[in-house]
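To start, the structure itself, in C-alpha cells.
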Amino acid sequence: MRIGILVYSHTGNTLSVATKLGEKLRAAGHSVTIEPIKLVGERKQGVRDVELAPLPNPGPYDVLVIGSPVEAFSLSPVAVKALQQIASLEKKSVLCLVTQGLPLPWLGGNRAIRQMKALCEAKGATVRGGAIVNWVAKSLDRRIADAVDKLAALV
Ligand SMILES: Cc1cc2nc3c(=O)[nH]c(=O)nc-3n(C[C@H](O)[C@H](O)[C@H](O)COP(=O)(O)O)c2cc1C
C-alpha cells in the first residue's frame, strides 16, 4: 500500500515516532513517504495563529497517518489548521498518532485524537484508529514500540 505519514512536530518527538513507524511499514513491504507539515517562518511562543507552508498532497496515498503533538490539552493548532485546509480525504483511510508530554492520555491525548478524528471525517476520511505516546522517561522506548505496533496493525 502507499502510505503517507503527514506529521507536524515542533521539537521532534512526534517525528521520531513517525520515523520508526515508517521503518516498520517499509519492512512489511509498504511504500512509505513521510511528509512534514511546515510553517512559514518560526513558531512564536504563545502564538496560536500560525501560517502554514503549502500542505502535503494526500492524493497519492491509500492510507494516511496524521501525526501531531498535544498542546494545551488539545490537538496542536498547527494540526487543526492543516486538517481544515488540506485537500479532500474522500476514500482515504486515516490513522492518528499523537504525542504528549504529560503521563496520562486524559491530559490532552484523548481529546487530541477525538479532534483529529472529527477533522479527518469532515474531509471524508475513514478513521481506523489511533495511538498516543506519553513522553515521560520511564519505559518510553516500550511505549513508542507499542504505539508503532498498534498503528502498523491497523494498516
Ligand atoms: C505550547 C505547548 C503546550 C503543550 N501542552 C501539553 C498538554 O496540554 N498536555 C501534554 O501532555 N503535553 C503538552 N505539551 C507537550 C508536548 O505535547 C510534547 O512534548 C510532545 O511530545 C511534543 O511533540 P513534538 O516534539 O513532536 O513537537 C505541550 C507542549 C507545548 C510546546
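Each reported figure results from applying straightforward, stated rules to the coordinates on display, with no laboratory input. Quick caveat: nothing in here was measured; it's all calculated off a predicted structure. Cβ: placed from backbone, ideal geometry, glycine included. Neighbour counts: every protein chain shown.
At-a-glance table
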item	result
Aspartates and glutamates whose Cα lies under 16 Å from that of residue 24, excluding same-chain neighbours fewer than 8 positions away	141, 146, 149
Among 39, 75, 83, residue whose mean-square fluctuation peaks in a GNM of the chain (springs only between Cα atoms under 10 Å)	39
DSSP beta bridges in the chain [antiparallel fraction, %, rounded to 5]	10 percent
GNM flexibility winner over the chain from 85, 100, 115 (Cα, springs under 10 Å)	85
Sequence of 38, 117 once ranked by neighbouring C-beta atoms within 10 Å, starting from the fewest	38, 117
Least to most buried among 16, 68 (fewest other Cβ within 10 Å first)	16, 68
Cross-link pairs beyond the 20 Å C-alpha cut-off, checked among 20/150; 81/123; 92/123; 38/92	38/92
Prolate/oblate/rounded call for the chain, Cα gyration tensor, a/c under 1.5 rounded	rounded
Likely footprinting exposure, 144, 37, fewest C-beta neighbours within 10 Å first	144, 37
Rounded to whole Å, sorted largest first: equivalent-ellipsoid semi-axes of the range 1-50, Cα gyration tensor	27, 11, 6
Gyration tensor (alpha-carbon) shape descriptor, the range 67-155, a/c threshold 1.5	oblate
